[in-house]
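First comes the structure, then the notes that go with it.
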Amino acid sequence: MKGDNIDSMSNNPNNIVNSIHANGYSINKNGGVYRRGKSKPFESLAFIASKFFELQQQLQPGGEVSLRALAKAAQCSTTMARKVIDQIEDGHLIDPATQELTRARGAGAMTLTDDDGLYLLHLRMINNRFTLRDYTHYLAEERGTFVSCSTVCRWFRTAHLFKGGMRKLNKVPIDKFTDNNMLRRMEYLLRAYQVPTNRFVFGDEKPAKGGDLFNRMGRVDPMSGLVEDYVIDSDWANRFCITGLCRNGRDRACFSYEIHDGTNDSSQFSDFIMKNLASGFLQQGDFLVLDNASIHRYQEADGMEEYL
């Protein structure tokens with residue numbers, strides 16, 4: 001059974017890599033495993049030194065072992081290879097465990113403790129819009145840990161399984177949670193359970209500039225390396241509006257849309273709905289879902305419920 005587990009792990013190298021990252025380690029370009037901010041043990045330094053002497057024996061008289069060759073052979077970084085070579089030239093290897101750290105904890109320190117990491121997660125939970133400077137300020141103020149912004153950024157990107165970078169936020173208006181809207185939500189869900197999925201039709205409109213309606217990219221001619229110019233109309237920067245309906249099902253088309261100049265109003269929206277009724281895209285028994293925009297409810301659209 002144990003052998004089967006080893007075989008399954010070897011057949012899934014991604015699982016091994018993920019487990020390495022999950023435990024706070026990284027893999028360098030030469031295939032070696034290391035942990036940021038942690039010194040390599042003396043055994044690793046001795047292994048690198050042994051690789052140095054092996055490469056030295058293969059050289060011609062007067063040749064020198066290159067940093068890249070040593071780093072590749074010992075699966076370490078060129079910085080670590082340079083460090084070991086310097087110690088070999090000094091005549092002895094230094095055990096990191098016997099060395100007292102003389103670098104003071106200050107701006108630019110390279111390590112964060114596990115408790116510091118938990119505090120960073122706590123800060124992110126309080127406000128996910130904090131900047132890197134905010135994190136360094138609170139670490140110094142509340143925990144006495146002084147680190148640089150790049151150290152905090154590196155921790156968020158490498159400490160856990162997912163990279164904690166910045167992403168565009170989804171803005172939710174607070175009025176969506178009013179009592180009236182929550183009541184409408186429950187009413188919608190109760191009705192939705194009684195309607196087949198292929199009878200749902202969703203509608204909306206989107207204003208856009210002329211340039212947004214066309215692909216701005218063109219493929220280069222692989223023979224000449226050139227790309228032809230694209231002749232545009234004078235209304236390239238003018239505004240358009242796209243009104244559309246979409247649904248799920250194979251009994252009829254899934255999309256219906258219309259593009260017109262200027263902005264949308266209740267008259268144009270009502271005409272669009274009437275055209276889809278006449279074409280058969282909207283049929284009796286469909287469940288039309290719209291937002292509460294004024295053009296869906298007032299003026300010409302006021303009597304839309306009657307003819308629907």
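The values are calculated or read from the model by the stated rules, or taken from the named source; none is laboratory data. The shown structure was predicted, so the numbers you read here are calculated from the model rather than taken from an experiment. We place every Cβ from the backbone using ideal geometry, glycine too, and count neighbours over all the protein chains shown.
Scan the range 187-199 for residues that are surrounded by 10 or more Cβ atoms within 10 Å (Cβ to Cβ), aliphatic (A, V, I, L, M) and out of contact with any strand residue (DSSP E or B) (no Cβ under 8 Å at 6 or more places or on another chain) and report the count.
Selection size over the range 187-199: 0.
Filter the range 50-108 for residues that are assigned to a helix (DSSP H, G or I) and under 30 Å from Tyr135 (Cβ atoms); which is modelled with the lowest pLDDT?
Pro96
Need at least 3 residues that are outside the structural domain of Gly249 (by TED's automatic domain parsing) and either farther than 30 Å from Gly280 by Cβ or touching a residue at least 40 places away in the same chain (Cβ under 8 Å) (or both) per element, so show me which helices (runs of 4 or more DSSP H) inside the range 115-218 make the cut, counting only ones lying wholly within it.
Those helices (runs of 4 or more DSSP H) span 132-138, 149-158.
Go through the residues of the range 28-36 one by one and say whether even a single one is over 20 Å from Gly91 (Cβ atoms), among the aliphatic types (A, V, I, L, M) and in the same structural domain as Leu93 (by TED's automatic domain parsing).
Taking every residue of the range 28-36 in turn, at least one turns out to be over 20 Å from Gly91 (Cβ atoms), among the aliphatic types (A, V, I, L, M) and in the same structural domain as Leu93 (by TED's automatic domain parsing).
Report the residue count in the range 37-49 for those that are farther than 18 Å from Asp90 by Cβ, part of a loop (DSSP other than H, G, I, E, B) and charged (D, E, K, R).
Looking only at that region, the number is 1.
With the structure loaded, tell me whether Phe200 is at pLDDT 85 or above, of a type in the set (Phe, Trp, Tyr), in contact with a Lys or Arg (Cβ under 8 Å, 6 or more places away or on another chain) and closer than 26 Å to Arg250 by Cβ or whether it fails that test.
Yes.
Quick one: count up the residues across the range 36-58 that are under 19 Å from Ala97 (Cα atoms) and surrounded by fewer than 12 Cβ atoms within 10 Å (Cβ to Cβ).
The number of residues fulfilling the criteria is 1.
Of all residues in the range 271-308, which are aromatic (Phe, Trp, Tyr), part of a helix (DSSP H, G or I) and either surrounded by 12 or more Cβ atoms within 10 Å (Cβ to Cβ) or modelled with pLDDT of 90 or more (or both)?
Matches in the range 271-308: Phe272 only.
Report, by residue number, each residue of the range 215-266 that is among the hydrophobic types (A, V, I, L, M, F, W, C) and either at positive phi or at pLDDT 80 or above (or both).
Cys241, Ile242, Leu245, Cys246, Ala253, Cys254, Phe255, Ile259
Can you tell me which residue is modelled with the lowest pLDDT among those in the range 146-183 that are surrounded by 12 or more Cβ atoms within 10 Å (Cβ to Cβ) and over 30 Å from Val17 (Cβ atoms)?
Asn181
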